[in-house]
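Worksheet: one structure, shown below.
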Amino acid sequence: MKKYFRTPEDRNLWLRLRAEFHIEFSKRVNCLDIPMGDIDVPFSALRVANNELTTSEHSEWFKFTLAELASLHYDDLYQIYKSNERRFCQQFKKTIKL
């Protein structure tokens, strides 16, 4: 498996920033208050971010880079998220021949 982060601190920063995006996304889109929590707490923002990171590392497809999470506003991240979801759905349809 490839190494995606230079240091463990970069990996932890990615997790924290992704969890913050998840919290804001949940508030705006789903009207839910998701706790930051901990990686070991089910349904917490950090647990969701960790699950996404684990999946992304194995599939080699990240929804966000560390630079994007660290520098972009929520609205810009949301546009990237929607664009990635559309691209993923199109790719998935091709894969299963729909």
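Readers should treat all values here as calculations from the given coordinates under stated rules, not as data from a laboratory. If you're wondering where the values come from, they're calculated on a predicted model, not measured in any experiment. Methodologically, a virtual Cβ is constructed for each residue, glycine included, from the backbone with ideal geometry; neighbour enumeration extends over all protein chains shown.
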**Asked** Using +1 on the beta carbon of Lys and Arg, -1 on that of Asp and Glu, and nothing else charged, what's the dipole of the chain about the Cα centre, debye to 20?
**Response** 600
**Message:** If the reach is capped at under 12 angstrom between alpha carbons, list the aspartates and glutamates near Lys27, excluding any in the same chain fewer than eight residues apart.
**Reply:** none
**Fill in**
HN-Hα couplings for the stretch 25-40 via Karplus (6.51, -1.76, 1.60; θ = phi - 60°), in whole Hz with x for Gly/Pro, come out as 4, 5, 5, 6, 8, 9, 6, 10, 9, 9, x, 4, x, 9, 4, 8
**Fill in**
Excluding residues fewer than 8 positions from Lys63 in its own chain, the aspartates and glutamates with Cα under 20 Å of it are Glu9, Asp10, Glu20, Glu24, Glu52, Asp75, Asp76, Glu85
**Complete:** Calc'd 3J(HN,Hα), the stretch 63-69, phi into Karplus 6.51 cos²θ - 1.76 cosθ + 1.60 (θ = phi - 60°), Hz, glycine/Pro = x, comes to 6, 9, 8, 4, 4, 5, 5
**Item:** Among 12-21, 82-91, the order from most to least packed when residues are scored by Cβ within 10 Å on average
**Value:** 12-21, 82-91
**Request:** State the dimensionless ratio Rg/Rh of the stretch 8-96 (Rg: radius of gyration of Cα atoms; Rh: Kirkwood radius).
**Result:** 0.97
**Message:** Along the charge dipole of the chain, pointing to its positive end and built from +1/-1 on Cβ of Lys, Arg, Asp and Glu, which listed residue (Gly37, Ala67, Cys89) has its Cα farthest out?
**Reply:** Cys89
